[in-house]
1. Which pairs turn up if I take residues in region 154-176 that are closer than 23 Å to N135 by Cβ and look for partners that are assigned to a helix (DSSP H, G or I) and modelled with pLDDT under 95 with beta carbon separation below 9 Å, at least 6 apart in sequence or on another chain?
2. If I go through region 230-240 residue by residue, how many of them are assigned to a loop (DSSP other than H, G, I, E, B), touching a Phe, Trp or Tyr at 6+ places or on another chain (Cβ under 9 Å) and not small (G, A, S)?
3. So in region 93-112, with the set limited to residues that are in contact (Cβ under 8 Å) with a residue 60 or more places away in the chain and not in a strand (DSSP E or B), which one is surrounded by the fewest Cβ atoms within 10 Å (Cβ to Cβ)?
4. Report the residue count in region 126-169 for those that are modelled with pLDDT of 95 or more, among the acidic types (D, E) and assigned to a loop (DSSP other than H, G, I, E, B).
5. Only one of L143, L115, L90, L139 is more than 21 Å from P255 (Cβ to Cβ), under 32 Å from the mean Cα position of the chain (by Cα) and surrounded by 12 or more Cβ atoms within 10 Å (Cβ to Cβ); which?
6. With the condition being within 30 Å of F174 (Cβ to Cβ) and out of contact with any Gly (no Cβ under 6 Å at 6 or more places or on another chain), I'd like the strands (runs of 3 or more DSSP E) fully within region 241-333 carrying at least 3 qualifying residues.
7. Could you check Y74 against (1) assigned by TED's automatic domain parsing to the domain that holds A323; (2) surrounded by 12 or more Cβ atoms within 10 Å (Cβ to Cβ); (3) in contact with a helix residue (DSSP H, G or I) (Cβ under 9 Å, 6 or more places away or on another chain); (4) not in a strand (DSSP E or B) and say which number it fails?
Amino acid sequence: MLTLTQAASLTKKGVIAFIVLTVLGVGGSIGYQVWHRYYLSTLPPVVEKPEMKFGELPKPAFPDSNVSSSNYSYSLDTATGGLPQTPKLLKVYFLPKSGVTLLAPDKSAKLAESLGFSSNPEVVSQTQFKFADDNDGELNVDLTTGNFNFQKQIASGSATLNTLPDQTQIVGSFKNYLSARGLLPDELKTGKSSVTFDNKNPTDSDTAEVTLWPTNVDDMPIVTAAFNRGLVRGTITKVDDENNKFIHISYIYWPVDKSTSSTYPLKTPEQAFADLRAGNGFVSIEPINPKVSISSVYLAYYEQEDYSPYLLPVFVFEGPDFAALVPAIATPK
């Protein structure tokens, strides 16, 4: 048997061994962590590569213009005094388009009736129908997309209001009009809106144009060539009848397939600004002064009137009485 002295000696040696092993273990762990961090710091940064699943993309189709973005001189008067930081890659989304189906003519006829056009359609082409009403109104429907536009006359003897409703009421009235006809998807319900009266004083206005914009995509706004006017808009009058108060509606809606996208490389803001000065930008709002102050630069998605299979990003250069768009996707080298 061990004596008390021998037992105490063994216990003391065990404690010392435990302490030594613990110190070595902790020290080794710390040493490994220091080495690992140093090793990671020496590795080259991981560069995310663009997917580019859609292949080479078309350029945004801007309308023809007699004005070149190179006609102006620009000063950067942003909050920072310079250009913003932007990502190197961005998603491009697919925009599906259905073809003409056997049900398309019936659907267009039902749409026409709901809008107050009850005549038999005039076949303009294999994809276009035209309808008329009893008061020289005209409705054009695209059979492939369901998009349409109409122009009406105010019916004689219609009961009218003294003044137009306020902006909130006009937006609500337009949404209700579209919703009642199954034309208000969620993206238009929650997107921004704008109202422009035909007189500086709304109470003296006879008409107002209301626009509904789709909700932002990945926190980026939707812009159009008209900039202050979206692709879904209507002109409201003082007519009191809910079904006849809109004398013009242009309805172009492109649903975005959020499940089908691919990343593409972006130009730097400096490259986009150089393109603007070189005349490779589209001037949406023409300034009076040839010296343009740019107060805001940001990325947006561009929607055009004619169908495009992709929702493409653009750089927006905005300032007082000025707006211009520059394609954002980098050109393959």
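The values are calculated or read from the model by the stated rules, or taken from the named source; none is laboratory data. Predicted model, so just to flag it, every value in this text is computed and none were measured. Positions of Cβ are backbone-derived with ideal geometry, glycine not excepted, and every protein chain shown enters the neighbour counts.
1. Listed pairs, sorted by first residue: L164/P202; L164/T203.
2. To start, the set of residues in region 230-240 that are assigned to a loop (DSSP other than H, G, I, E, B) comprises 230-231, 237-238, 240.
Filter once more, keeping what is touching a Phe, Trp or Tyr at 6+ places or on another chain (Cβ under 9 Å): 230-231, 237.
This time we only want the ones that are not small (G, A, S), so: 231, 237.
Going through region 230-240 one residue at a time, the tally reaches 2.
3. At the first step, the residues of region 93-112 found to be in contact (Cβ under 8 Å) with a residue 60 or more places away in the chain are 93-97, 111.
Restricting the remaining residues to those that are not in a strand (DSSP E or B) gives 95-97, 111.
Values: L95: 16, P96: 10, K97: 12, L111: 20.
Ranking the qualifying residues of region 93-112, first place goes to P96.
4. The number of residues fulfilling the criteria is 1.
5. Working: L143 fails: more than 21 Å from P255 (Cβ to Cβ); L115 fails: more than 21 Å from P255 (Cβ to Cβ); L90 fails: more than 21 Å from P255 (Cβ to Cβ).
Testing whether each residue is more than 21 Å from P255 (Cβ to Cβ), under 32 Å from the mean Cα position of the chain (by Cα) and surrounded by 12 or more Cβ atoms within 10 Å (Cβ to Cβ) leaves just L139.
6. Working: elements: 246-251, 257-265, 282-285, 291-294, 296-302, 310-319, 322-327.
Result: 246-251, 257-265, 282-285, 296-302, 310-319, 322-327.
7. Only one criterion is unmet by Y74, namely (4).
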